[in-house]
Amino acid sequence: MNDFRPDTRAVHLPQPMVEGSRPITMPIYQTSGFVFDDPALMADSMGRPDGAYVYGRYTNPTVRSLELAVAGLEGGAGAIATGSGMGAINTVLLGLLKPGDHLIAQTSLYGGTAAMINELVGRFGITVTYVPENDPAALRAAVRPETVLVYLETISNPMTLVADLPGMCGAARELGLVSVVDNTFATALLCRPIEHGADVVVHSTTKYLGGHTDVVGGIAVFADSSLYEKVWHFAISLGATAEPFASWLTLRGLQTLAVRMERHCSNAEFLATRLASHPAVAAVHWPGLESHPSYALAGKLLSGFGGVFSFDLAGGRAAGEKFMSSVRLALLAPSLGGVETLVLHPATTSHRSLSADELARNGIGEGTVRISVGIENPEDLWADVSQALS
């Protein structure tokens, strides 16, 4: 470069190669594209997900590191990282469904997913049938000639119902349907849906995988390489790709996932057990309690019961609002899965797009509060929750 003028040299900076060693952590490749010497290699790389790095909308070394890491945890053949959890869900749904198709979804769903399914119904002529998350017979009865896909959540948001993944995904596979499972609440540490027959696993990496409430992202993991390639071609056209810095933050969070999940689960057990006997609480919805309808299934399917649960306050909406305005350590904020404890009112936040009938179908009442339990000292958390209740 020394034979070029200074203003040219200022544009084309030297890039030393790392030889004989490697970085301890994955670097952030903050670049929009990559330079080729071989035109044929560039053309070939633009046509497949495992090719050389070409353009940031296709993938990037930092992004691919995240994709490989999560695919490895879930036991998948490939993964597509996206800019948000809904980006991952929409990439899969829009990449696999077309007008006239029929979708089967479990009754209890995250509000954002339910809203998107309603958009598919209204805009694209896709039909949907809702069935219980633990009823393979109902799934079989709902199948039509135009049925394409089954959508489930390992642990539902916010009522924490556990899906019968072996039964539901097994029935879907027998019927030639693609099964998609949102594993955000469980993560691959508590459950690996692909091992139970799922074809696609989606996560909001914003939550437990990132774990520090400082990044927004999503990922879709595919059990089969051909399905992965099919959706990847759609994904690069959709443009929902994750960006390098967010991927790097998620990789950093992923390294502490195991120790965080252990504390999330133990703290949730501590709080859920105490709340279950509190006079101001009408019901606690956490699958680790014997009173929960998914208790037996959760014991078979999960290696831990999760760090999120909901509870119904006896005083209804007024009691819920008073509780959320009275907590001091817990934070009234959206999202979940971070190191700090968060509370919210699902009916007016995460599930605000649902009608009154849809809220009732999901078991969400006016006095329902969702709590994402952090990793603070459990006695401090209980002191805060109990003072807010009183």
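The values are calculated or read from the model by the stated rules, or taken from the named source; none is laboratory data. This structure is a prediction, so every number in the text was calculated from the model and none was measured. Neighbour counts run over all protein chains shown; Cβ positions are idealised from the backbone, glycine included.
Evaluate the range 219-226: report whether one residue or more is in contact with a strand residue (DSSP E or B) (Cβ under 8 Å, 6 or more places away or on another chain) and more than 18 Å from Gly85 (Cβ to Cβ). Yes; the residues of the range 219-226 include at least one that is in contact with a strand residue (DSSP E or B) (Cβ under 8 Å, 6 or more places away or on another chain) and more than 18 Å from Gly85 (Cβ to Cβ). Restricted to the range 135-175, and to residues there that are surrounded by fewer than 24 Cβ atoms within 10 Å (Cβ to Cβ) and small (Gly, Ala, Ser), the residue that is nearest to Asn362 (Cα to Cα) is Ala138.
For the range 302-312, the set of residues classified as of a type in the set (A, V, I, L, M, F, W, C) and either modelled with pLDDT under 95 or part of a loop (DSSP other than H, G, I, E, B) (or both) consists of Leu302, Phe305, listed by residue number.
Could you tell me how many of the residues in the range 73-120 are in a loop (DSSP other than H, G, I, E, B) and either modelled with pLDDT under 95 or surrounded by fewer than 21 Cβ atoms within 10 Å (Cβ to Cβ) (or both)? Steps first, answer last, please.
Looking only at the range 73-120, we keep the residues that are in a loop (DSSP other than H, G, I, E, B), and these are 75-77, 83-84, 97-101, 107-110.
Next, only the ones that are either modelled with pLDDT under 95 or surrounded by fewer than 21 Cβ atoms within 10 Å (Cβ to Cβ) (or both) stay: 75, 77, 83-84, 97-101, 107-110.
Total satisfying the criteria: 13.
Which ones in the range 176-197 are without any contact (Cβ under 8 Å) to a residue 60 or more places away in the chain and crowded, with 24+ Cβ neighbours inside 10 Å? Within the range 176-197, Ser179, Val181 qualify.
Listed by position, the strands (runs of 3 or more DSSP E) contained in the range 128-229 that have at least 1 residues being more than 20 Å from the chain's Cα centre (by Cα) and modelled with pLDDT of 95 or more are 147-153. Can you tell me which residue in the range 111-148 is farthest from Pro99 (Cα to Cα), limited to those that are in contact (Cβ under 8 Å) with a residue 24 or more places away in the chain and among the acidic types (Asp, Glu)? If we take residues in the range 111-148 being in contact (Cβ under 8 Å) with a residue 24 or more places away in the chain and among the acidic types (Asp, Glu), then Asp135 is farthest from Pro99 (Cα to Cα). Out of (1) surrounded by 13 or more Cβ atoms within 10 Å (Cβ to Cβ); (2) at pLDDT 95 or above; (3) more than 18 Å from the chain's Cα centre (by Cα); (4) not acidic (Asp, Glu), what's the single condition that is false for Ala40? Result: Ala40 fails condition (1) only.
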